[in-house]
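The values are calculated or read from the model by the stated rules, or taken from the named source; none is laboratory data. These figures come from a predicted structure and were not determined experimentally. Cβ: placed from backbone, ideal geometry, glycine included. Neighbour counts: every protein chain shown. Protein only, heavy atoms only, side chains kept; ligands, DNA and RNA dropped before computing areas. Shrake-Rupley method; radii C 1.70, N 1.55, O 1.52, S 1.80 Å.
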Amino acid sequence: MTYLDNAATTFPKPEAVYQAIDKCMRHYAGNQGRSGHRLSMQASREVYETRELLAKLFNIQNPLRIVFTENGTEALNLGLKGVLEPGDHVVTSSMEHNSVYRPLNALAEKGITFSIVLCSPDGCLDIEAFTAALQQNTKMVILNHASNVTGEMLPIREVGEICAKKGILFMVDAAQTAGILDIDVQDLKIDLLAAPGHKGLFGPQGTGFLYIGEGLDLKPLKEGGTGSRSEDVFQPLMMPDRYESGTLNAPGIIGLGAGIKFLQQETLQKIRAHDEKLRHYFIEALSQIETVRLYGAGALISVVSLNIEGLDSTETAYLLDREYDIFVRPGLHCAPLTHRTLGTLDTGTVRFSFSYFNTEDEVQQSVSAIQKICLQKRDAG
Amino acid sequence: MDLEKDFFYVITFESPNQAIQVEKQIKSIFEISVIPTPRELDKSCGIAIKFNTVDLDKLFALWPTIKIPGRLFKLSNKKINGSRETQEIQI
């Protein structure tokens with residue numbers, strides 16, 4: 001079995017993640033932040049430790065500026081819907097995920113407008129075109145750090161500088177890069193950073209977070225019990241309670257903490273070097289096959305999209321699954337405008353995404369499977 | 001000293017998240033326990049930090065670096081009519 005769908009969710013996780021979740025569930029899964037007894041306190045302390053680990057990883061000064069969410073999508077929704085008011089304008093790119101476009105389209109019904117900067121056919125964002133899209137009332141810019149279809153990176157450093165100079169809030173969707181690339185929210189001038197916990201950070205599904213920069217006050221997506229100011233029937237204002245109503249996914253968050261510790265031990269540099277080796281081998285080998293079309297302009301992260309001439313992406317993925325035990329994702333990857341940009345809206349693409357736990361052998365097997373499928377297709381005419 | 005026995009000091013918070021953060025920051029400096037917030041104090045947050053022993057000058061010097069809106073109280077060990085005497089101390 002070869003799992004190459006790590007851009008959707010990483011699998012497997014480091015052993016320490018399973019152990020941390022199991023230990024919490026069996027021994028101390030009290031309701032964190034609610035009661036003062038030792039079981040609840042242990043859960044609270046461990047959840048806080050995950051905040052600290054995230055803060056350290058992304059150079060966030062105050063761990064309490066990190067809000068836990070159930071995934072990256074919830075973090076993006078909170079960032080967008082919490083900040084934007086009727087009359088505000090947003091700039092984004094044509095390489096985003098539906099977790100950005102769908103909230104923006106919902107907000108458009110409430111009087112918020114947005115512009116989508118078209119990227120080049122290989123997925124690159126032109127800074128001049130981006131700057132031209134900014135308006136007097138642009139409140140926020142939201143960009144992904146790297147595309148979930150091609151792995152292509154957007155120029156977030158340059159955009160962050162421009163936003164900071166113009167006083168525009170800058171939100172980054174780090175779904176594909178958190179735990180892989182270095183992200184320093186201060187250096188990159190990021191006001192809001194959204195990411196899932198279950199991809200590169202190696203946490204379980206059901207985890208994610210939004211970093212909210214100092215001084216920013218967002219409208220909460222939901223209200224409820226927070227374990228604080230219980231005498232008050234209005235939502236508290238303090239961070240992170242304002243945005244964390246209801247019982248948190250403490251076992252998941254604690255597992256996420258174990259995932260981040262694993263990253264720290266191995267180092268992001270080592271993880272990137274491993275990814276790079278696999279990606280390089282994969283792309284080199286596939287470039288030799290005439291009937292394979294690769295998309296993207298040479299990314300840094302291990303997300304590779306391709307199509308085999310004459311086959312739908314779904315057909316290729318089905319063959320890989322049923323005949324070769326290789327699990328990849330076909331279709332549009334929830335990013336329709338990316339496919340319009342790449343010219344693959346009709347066919348979709350087959351996406352291969354590697355993780356630290358994939359081996360060179362697995363990549364070789366995948367190349368060999370693709371070669372065989374190409375030959376079969378050619379022979380079948 | 002008698003005073004040590006007659007009174008104890010507690011910091012209260014608006015949120016358990018703040019209490020946990022402060023606990024982590026000061027536990028290596030002061031001898032503290034996390035306790036349910038005494039009922040005479042503001043009930044905003046159910047947990048508070050109790051100082052088993054405290055050098056107040058050291059606490060005053062440290063507090064500005066903590067950057068959490070906590071409130072310091074001095075409480076009597078002895079209860080009069082079921083309640084402790086409380087006094088807020090500005091930090």
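Data table
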item: Count of the range A:319-360 residues which are open to solvent by less than 10 Å² (accessible area, probe 1.4 Å) and on the phi > 0 side of the Ramachandran plot; result: 2
item: Boolean, B:P38 is under 18 Å from A:S228 (Cα atoms), open to solvent by less than 20 Å² (accessible area, probe 1.4 Å) and out of contact with any His (no Cβ under 7 Å at 6 or more places or on another chain); result: yes
item: Residue ranges of helices (runs of 4 or more DSSP H) in the range A:1-83 with at least 2 members hydroxyl-bearing (S, T, Y), within 14 Å of chain B (Cβ to nearest Cβ) and in contact with a helix residue (DSSP H, G or I) (Cβ under 7 Å, 6 or more places away or on another chain); result: A:38-57
item: Any chance A:T314 is among the β-branched types (V, I, T), open to solvent by 10 Å² or more (accessible area, probe 1.4 Å), farther than 21 Å from A:Q176 by Cα and in a loop (DSSP other than H, G, I, E, B); result: no
item: B:T86 vs. criteria open to solvent by less than 80 Å² (accessible area, probe 1.4 Å), within 11 Å of B:Y9 (Cα to Cα) and β-branched (V, I, T); result: yes
item: Condition broken by A:L143, with the remaining ones in (1) surrounded by fewer than 23 Cβ atoms within 10 Å (Cβ to Cβ); (2) closer than 26 Å to A:T267 by Cα; (3) without any contact (Cβ under 8 Å) to a residue 60 or more places away in the chain; (4) not aromatic (F, W, Y) satisfied; result: (1)
item: Strands (runs of 3 or more DSSP E) wholly inside chain B containing at least 3 residues that are more than 14 Å from every other protein chain (Cβ to nearest Cβ); result: B:7-12, B:47-53, B:71-80, B:83-89
item: Residue list for the range A:181-227, restricted to those being in contact with a His (Cβ under 8 Å, 6 or more places away or on another chain) and open to solvent by 40 Å² or more (accessible area, probe 1.4 Å); result: A:Q205
item: Count of residues meeting criterion [open to solvent by 10 Å² or more (accessible area, probe 1.4 Å), at pLDDT 95 or above and polar (S, T, N, Q)] in the range A:361-381; result: 4
item: Check on A:G167, farther than 19 Å from A:I271 by Cβ, open to solvent by 60 Å² or more (accessible area, probe 1.4 Å) and away from chain B (no Cβ under 14 Å); result: yes
item: Selection status of A:G79, buried (at least 21 other Cβ atoms within 10 Å of the Cβ) and on the phi > 0 side of the Ramachandran plot; result: no
item: Lone qualifier among A:R279, A:R272, A:R293 - being assigned to a helix (DSSP H, G or I) and surrounded by fewer than 21 Cβ atoms within 10 Å (Cβ to Cβ); result: A:R272
item: Answer from A:L286, A:L256 - the residue that is touching a Pro at 6+ places or on another chain (Cβ under 9 Å) and either crowded, with 23+ Cβ neighbours inside 10 Å or in a helix (DSSP H, G or I) (or both); result: A:L256
item: Among residues of the range A:228-241, those that are surrounded by fewer than 19 Cβ atoms within 10 Å (Cβ to Cβ) and of a type outside the set (G, A, S), counted; result: 6
